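Take a look at the structure set out below.
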Amino acid sequence: MFVVREDTLRQKKDLFKAFLKGYRDSAAWMMANPEEAATLAGKYAIDGTQRDINLDVVRLRNASAQPVQAGKPLGSFDLAALQKGADAYRALGMVQKQIKVSDVVDTSLL
């Protein structure tokens with residue numbers, strides 16, 4: 001999830017769309033190639049100096065990813081689950097205003 005201001009999104013929608021495509025494509029590649037991803041992280045990531053830890057991180061990320069479903073691309077959100085989380089935070093007093101997730105999460109670029 002990336003957070004951007006609405007006016008910035010409107011002004012730079014094509015740029016964000018291109019960025020998200022590249023991000024999604026790289027995530028899909030990493031999921032399909034965890035061994036090579038772990039090796040490359042050791043070369044390019046500032047915090048990826050140990051290949052075995054990199055591989056564990058990639059595997060953990062892969063395990064936590066939502067499965068791709070028909071009509072829902074990689075990176076899609078479960079808005080109902082996010083709404084449950086927002087409602088729970090409200091009930092616990094962690095947020096003061098009711099949040100309608102569908103009003104604040106824009107999935108149009110997915």
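The values are calculated or read from the model by the stated rules, or taken from the named source; none is laboratory data. It should be emphasised that the depicted structure is a prediction, and the values quoted were computed from it without experimental measurement. Glycine also receives a Cβ, built like all others from the backbone with ideal geometry; neighbour counts cover every protein chain displayed.
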Task: Scan of region 1-45 for residues that are modelled with pLDDT under 90 and basic (Lys, Arg), ordered by number - done: Arg24, Lys43
Open item on the list: Six or more apart or on different chains, Cβ atoms under 7 Å: show the pairs whose first residue is in region 86-110 and farther than 21 Å from Gly75 by Cα and whose second is among the polar types (S, T, N, Q) and in a loop (DSSP other than H, G, I, E, B).
Closed with: Arg90/Gln98
TODO: List every residue pair whose Cβ atoms sit under 8 Å apart, with the two residues 6 or more apart in sequence or on different chains, where the first one lies in region 31-60 and is over 18 Å from Gly75 (Cβ atoms) and the second, anywhere, is buried (at least 16 other Cβ atoms within 10 Å of the Cβ) and of a type in the set (S, T, N, Q).
DONE: Ala38/Asn54; Thr39/Asn54; Ala41/Asn54; Gly42/Asn54; Ala45/Asn54; Gly48/Asn54
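Would you mind listing the helices (runs of 4 or more DSSP H) fully within region 30-105 where at least 2 residues are within 23 Å of Arg5 (Cα to Cα)? Walk me through it before giving the result.
Values: elements: 34-44, 51-64, 79-91, 101-104.
Output list reads 79-91, 101-104.
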- [ ] Return the total of residues in region 46-70 being surrounded by 12 or more Cβ atoms within 10 Å (Cβ to Cβ) and modelled with pLDDT of 85 or more.
- [x] 9
Open item on the list: For the list (1) touching a helix residue (DSSP H, G or I) at 6+ places or on another chain (Cβ under 9 Å); (2) exposed (fewer than 10 other Cβ atoms within 10 Å of the Cβ); (3) not assigned by TED's automatic domain parsing to the domain that holds Tyr23, I need the number of the one condition that Ala86 fails.
Closed with: (2)
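Against the condition in contact (Cβ under 8 Å) with a residue 12 or more places away in the chain and not in a loop (DSSP other than H, G, I, E, B), how does Lys17 come out, does it pass?
Details: in contact (Cβ under 8 Å) with a residue 12 or more places away in the chain: yes; not in a loop (DSSP other than H, G, I, E, B): yes.
So Lys17 fits the description; yes.
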